Amino acid sequence: MIPMTQLFITTLDKLGVLRFRGPDASRFLQGQLSNDIERLTTEDSLLTGLHNAQGRTLAVLRMFALQPDDLLAVLPLALLPAVSNQLSRYVLRSKLSIADVGAEWRVAGLYGYDAQAAAQLRKRVALDGDGLRYLVVAPRHDPLPDGEEMDFDDWHGMDISTGRPQVYPATSGQFVAQMLNLDLLDAISFDKGCYTGQEVIARAHYRGKVKRRMQRFATEDGRLLAAGDRVQIADGRVLHIVDLTRMPGGGWDFLAVAPLAANVVDTALESATARTLDAAALPLPYALPE
């Protein structure tokens, strides 16, 4: 348990920032992203997805609004060039600019009982309902608050334990939005107008049962694992790893897309070369549809 007055800080250098600026910024993103950008205000943020025409997730973004026509997107730095290029293809006559502003803006994580106060004057979003954990997006010239340095793996482990997905170059375009539980994390609007991939995502929501979803697992096996790997566990299921972090003992705590029922053969993965892994299922803080 952390002390009542303690603040831990981690600089999230693996995350980058895109800026969308201009009178058409919100309208443009409304037609590209899965969440309802019109809900976004300067006081909060939105989790959303960028998808291809097949409904598969190219990136998961956290959106902030500096002003209605000036928006920031936080996403993995490794995906930033591809996402920028993808969106720039559709700008056409829309009046906005898309820019990598990582040199001017940085992303940090604050954790502890003093985190809310430390984040109060900065652009931020509470990641945990108990108010202990904040993602901060701030100009680089703004000094970070004083606090004890937190290891990135500890911060990342909280993302894993709370079931928040992320995709990387190895997994971009691999999963339909519902496979990553984006519908359960309020990252999809089923009431807004059309956006890229909307038809497939809506069909899965209204007509079809999603047979594979992201779940949480842990293994004491210390062999190297990475996002995108496929492994087979004792109940016969093949897991497609989404994100993972090292545990103190050398094993892994990870999120993986897998069939919801044991001993289900997934034809899409039958031909995959999947090594066996001794892994146990762990609970998520939200319920998966049956």
Can you find even one residue in the range 26-43 that is within 24 Å of Arg133 (Cα to Cα) and aliphatic (A, V, I, L, M)? yes
Can you confirm whether the range 16-32 contains a residue that is buried (at least 19 other Cβ atoms within 10 Å of the Cβ), among the charged types (D, E, K, R) and part of a strand (DSSP E or B)? yes
Scanning the range 33-54 residue by residue, the ones that are buried (at least 22 other Cβ atoms within 10 Å of the Cβ) and under 18 Å from Leu79 (Cα atoms) total 6
Given the criteria part of a helix (DSSP H, G or I), at negative phi and surrounded by 16 or more Cβ atoms within 10 Å (Cβ to Cβ), does Val200 qualify? yes
Within the range 187-194, can one find any residue that is surrounded by 12 or more Cβ atoms within 10 Å (Cβ to Cβ) and in a strand (DSSP E or B)? no
So in the range 247-273, with the set limited to residues that are under 25 Å from the mean Cα position of the chain (by Cα) and farther than 20 Å from Lys209 by Cβ, which one is modelled with the lowest pLDDT? Pro248
Total residues in the range 102-132, condition surrounded by 19 or more Cβ atoms within 10 Å (Cβ to Cβ) and within 24 Å of Pro285 (Cβ to Cβ): 12
Do we have any residue at all in the range 135-150 that's closer than 25 Å to Gln86 by Cβ and surrounded by 18 or more Cβ atoms within 10 Å (Cβ to Cβ)? yes
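Per-residue answers, yes or no, for (1) within 16 Å of the chain's Cα centre (by Cα); (2) of a type in the set (A, V, I, L, M, F, W, C):
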residue: Tyr90; (1), (2): no, no
residue: Val125; (1), (2): yes, yes
residue: Asp130; (1), (2): no, no
residue: Pro139; (1), (2): no, no
residue: Asp159; (1), (2): yes, no
residue: Thr162; (1), (2): yes, no
residue: Lys192; (1), (2): no, no
Does Gln166 meet the test of being in a helix (DSSP H, G or I), within 24 Å of Leu33 (Cβ to Cβ) and not assigned by TED's automatic domain parsing to the domain that holds Thr219? no
Just need a number here: residues in the range 194-234 that are out of contact with any strand residue (DSSP E or B) (no Cβ under 8 Å at 6 or more places or on another chain), closer than 22 Å to Tyr286 by Cβ and of a type in the set (D, E, K, R). 1
If you scan the range 235-266, which residues turn out to be within 20 Å of Pro285 (Cα to Cα) and among the small types (Gly, Ala, Ser)? Ala256, Ala258, Ala261
Filter the range 75-95 for residues that are touching a strand residue (DSSP E or B) at 6+ places or on another chain (Cβ under 8 Å) and either of a type in the set (Phe, Trp, Tyr) or buried (at least 21 other Cβ atoms within 10 Å of the Cβ) (or both); which is farthest from Ala59 (Cα to Cα)? Leu87
Tell me which strands (runs of 3 or more DSSP E) are completely within the range 48-150 and hold 3 or more residues being among the basic types (Lys, Arg), or say none if there are none. none
For Val136: the one exception among (1) of a type in the set (Val, Ile, Thr); (2) touching a strand residue (DSSP E or B) at 6+ places or on another chain (Cβ under 6 Å); (3) in the same structural domain as Ala261 (by TED's automatic domain parsing): (3)
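Condition check ((1) out of contact with any Gly (no Cβ under 9 Å at 6 or more places or on another chain); (2) modelled with pLDDT under 95) across all residues:
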residue	(1), (2)
His205	yes, yes
Gly208	yes, yes
Lys211	yes, yes
Arg216	no, no
Gly222	no, yes
Ile233	yes, yes
Ile241	no, no
Leu244	yes, no
With the checklist (1) outside the structural domain of Ser34 (by TED's automatic domain parsing); (2) touching a residue at least 24 places away in the same chain (Cβ under 8 Å) in hand, flag the one item Leu224 doesn't pass. (2)
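The values are calculated or read from the model by the stated rules, or taken from the named source; none is laboratory data. This one's a predicted model, so the numbers in the text were calculated from it and none came from an experiment. Every residue, glycine as well, gets a Cβ built from its backbone with ideal geometry; the counts of neighbours run over all protein chains shown.
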